[in-house]
Amino acid sequence: MNTVADAINYAAKHYGESLAVVCDETRLNYRAFVSRCRRLGGALVEAGIEPGDRVAILAANSHQYIESYLAVPAAGFVVVPLNTRHASAELAYALKDSGTRVLMTDQDPGELASIVQRVIRMPADYEELIADAKEIEFGQNVTADTLAGIFYTGGTTGKSKGVMLSHGNLTANTRHFRTLANPVPEDAFLVMAPLFHAAGSNSVVGSIWTGGSQIVLPTFDPRTALDLIEREHVSVTLGVPTMIAAICEEQHARPRDISSVRLVAHGGSPIATEVVRRAHEEFPQAELMHVYGATETAPLSTCLRHEEKTLDSERSRSCGSAIPGVDIRITDDNGKVLAAGEVGELEIRGPNVMMAYWNKPEQTAEVMRGDWYRSGDLGYMDDEGYIFLMDRAKDMIVSGGENVYCTEVEEALYKHPAVLQAAVFGVPDEQWGEAVRAAVVLREPVEASELIAFCREHIAGYKTPKEIDIWDEPLPLSGPGKVLKRELRAPFWADRDVSIG
């Protein structure tokens, strides 16, 4: 199977009466689910949408979101999942940059409506649209090399980059996850991370392909998540560490029957060993799995299986080894491959690596060395192929599974007339893994709280610094004049058992 259409067509043929999706009170078997997907595709064709046109989704998790996520690329269009936490300006940029024609959303689109040709409100307009639409056959205009989606990630120069993922990229990632999770038709996968996020959408194609059911949590809440696990006999889930920690706390306080869970996977941001230990205590029968990757790798690249067995060993700090079908090497600045134990940049090669950045050839060239993707993460590989992350070459923080590019936050700070010098860096946070913190030198007095409020006007809330330190002297600089952020971070990360993940 090389396209999203292949997965849907296979499910229609083999799993018709099996449960496909549960969302609130809605329960759909594969026959009904696939019919809805094909009717959505038909409705978009009737509306004049042409192969290659972009269709964006800005919504909370729902069965309509899953249908759209699959039907849009399967019909030959390009899906553009938008981050619901982004500010209006950021969303507008993504819509304009991608040339999106249709916006599907469950919220008031406001000024975004003027950017696109059509807005489909979810669920009302959506349900009306597909009610009388004709089903179309999927796969007529797609191959493994066809662009399936554009996934916007933060930009190191303040502008987001659209990661172009092909059908082949998405299905390769699905094959990779299948080798790790060993999914079966009896599996019930709890979709608790946002579907616009790699951690949320990772299961979508895989569940359809293998005939499992997807249990959709519209908005993350640990109580509701555990209630669903108990009621629907959930067997697999994947989330960012903050979600895993919250579920464990809730389970400890108000236990449910979670004996059906066989696999709990996490990724997207750093996780403390104590959170893993607590997860093992609360889910003693489940395998714990640490996955690492990037949007550019669709997203999986490495995996540490049975993390619960590494708790008291050095390997607990590893993000695992390359998943089957993916190659990873550690290189120096000149691209020389380094020996085991030497720290360098992780480079990744495989069928999951993105096509390019949308309309950004220079930025694409910066991160690609031949067919190797330069991750921007620094680490080393041991003699057995296990990878240990040490730092980020990219100026990036991962907070609650969301990428925050420090330069983007710094640009917001520099817009304030009182800011003379600014440096943004990540510090450990028990809830979010990392939190955004800034150090600034002022040209005139201003309160830190005012600067924080100012940032919130220009960038998303999760990117806004939680704390700002005001310095009375210049920030530490390297010989070439760059701010030594490692020195700014060091006091906060001292004695931590993990740095990045």
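The values are calculated or read from the model by the stated rules, or taken from the named source; none is laboratory data. Not measured: the values here are computed from a predicted model. Here the Cβ is made from the backbone with ideal geometry for all residues, glycine too, and neighbour counts use every protein chain on show. Quick note on the areas: whole protein, heavy atoms, side chains included, nothing else; ligands and nucleic acids left out. Shrake-Rupley method; radii C 1.70, N 1.55, O 1.52, S 1.80 Å.
Worth a mention:
- When a 1.4 Å probe is rolled over the protein heavy atoms, the share of accessible surface on the range 173-303 that falls to carbon and sulfur comes to 53 percent.
- Helical content alone sets the calculated 222 nm signal of the chain at -9500 deg cm²/dmol, taking -39,500 (n - 2.57) per DSSP H segment of four or more residues and averaging over every residue.
- Each Cα pair of the range 158-221 feeds into the Kirkwood radius, which the Stokes-Einstein equation turns, at 25 °C and 0.890 mPa s, into a diffusion coefficient of 192 µm²/s.
- Dimensions of the chain based on its C-alpha atoms, expressed as ranges along the principal axes with the largest first, amount to 68, 52, 48 Å.
- Protein accessible area in the range 354-456, 1.4 Å probe - carbon and sulfur %: 50 percent
- Taking only Cα atoms of the range 316-423, radius of gyration then Dmax in Å: 16.3, 52
- Here the gap between Val441 and Glu111, fully extended at 0.36 nm per residue and compared with their Cα-Cα distance, gives a gain of 115.2 nm.
- Dimensionless Rg over Rh [the range 87-142; C-alpha; Kirkwood]: 1.06
- Label-to-label distance, Glu487 versus Ala89, with points set 7 angstrom from Cα along the beta-carbon direction: 3.1 nm.
- Here the relative contact order of the chain, from alpha carbon pairs under 8 Å that lie six or more residues apart, stands at 12 percent.
- Separation of the Asp371 and Asp383 label points, Cα + 7 Å toward Cβ, nm: 3.2 nm
- The angle between the Cα long axis of helix 88-98 and the longest principal axis of the Cα atoms of the chain comes to about 60 degrees, rounded to the nearest 10.
- Our note on the geometry: Cα centres of the range 327-365 and the range 82-107, 29 Å apart.
- Extension gain, Arg254 back to Asp312 (0.36 nm per residue minus Cα-Cα distance, nm): 18.1 nm
- Each residue of the range 202-218 was assigned a 3J(HN,Hα) from its phi angle through the Karplus curve 6.51 cos²θ - 1.76 cosθ + 1.60 (θ = phi - 60°); the sequence is 4, 7, 4, 5, x, 5, 4, 4, 9, x, x, 9, 10, 9, 8, 9, x Hz, with glycine and proline shown as x.
- Hydrodynamic radius (Kirkwood) for the range 71-199, which is based on Cα pairs only, to one decimal in Å: 16.7 Å
- Sequentially through the range 33-49, phi angles give Karplus couplings (6.51, -1.76, 1.60; θ = phi - 60°) of 4, 5, 4, 5, 4, 5, 6, 5, x, x, 5, 5, 4, 4, 7, x, 6 Hz, Gly and Pro residues having no value and appearing as x.
- Interatomic Cα distance distribution for the range 207-282, bins of 10 angstrom, percent: 18, 56, 24, 2
- Residue-level accessible surface for Phe189, protein heavy atoms, 1.4 Å, Å²: 20 Å²
- In this structure the amide hydrogen of Leu477, modeled in the peptide plane, comes within under 5 Å of the amide hydrogens of Leu484, none closer than 5 places in sequence on its chain.
- The range 287-326: relative contact order in percent, alpha carbon pairs under 8 Å with at least 6 residues between: 40 percent
- Student exercise, the range 263-367 dipole from Lys, Arg, Asp, Glu Cβ charges, in Debye to nearest 20: 220 debye
- Helix 4-14 and the longest principal axis of the C-alpha atoms of the chain enclose an angle of approximately 40°.
- Pairs of Cα atoms farther than 15 Å apart, the range 325-385, %: 49 percent
- Taking all protein chains into account, the per residue accessible area for the chain stands at 40 Å² (1.4 Å probe).
- For GluC sites (Glu not before Pro), the sites in the range 413-468 that DSSP calls loop and that have at most 12 other Cβ atoms within 10 Å are Glu430, Glu447.
- Solution diffusion estimate, µm²/s, Stokes-Einstein, the range 1-127, Kirkwood Rh from C-alpha pairs, 37 °C, viscosity 0.692 mPa s: 218 µm²/s
- Spin-label proximity, Asp227 to the range 24-68 - amide N less than 18 Å from point 7 Å beyond Cα toward beta carbon: 24-27, 61-63
- Kirkwood estimate for the range 270-374, i.e. one over the average of 1/r between Cα atoms, Å: 15.4 Å
- Net length gained if the chain between Glu137 and Asn182 were fully extended (0.36 nm per residue, minus Cα distance): 13.3 nm
- Principal axis extents of the C-alpha atoms in the range 33-78 (largest first, rounded to whole Å): 26, 22, 15.
- Student exercise, the chain dipole from Lys, Arg, Asp, Glu Cβ charges, in Debye to nearest 20: 920 debye
- 0 to 90° range, to nearest 10: angle between helix 448-458 axis and the chain longest Cα axis: 40 degrees
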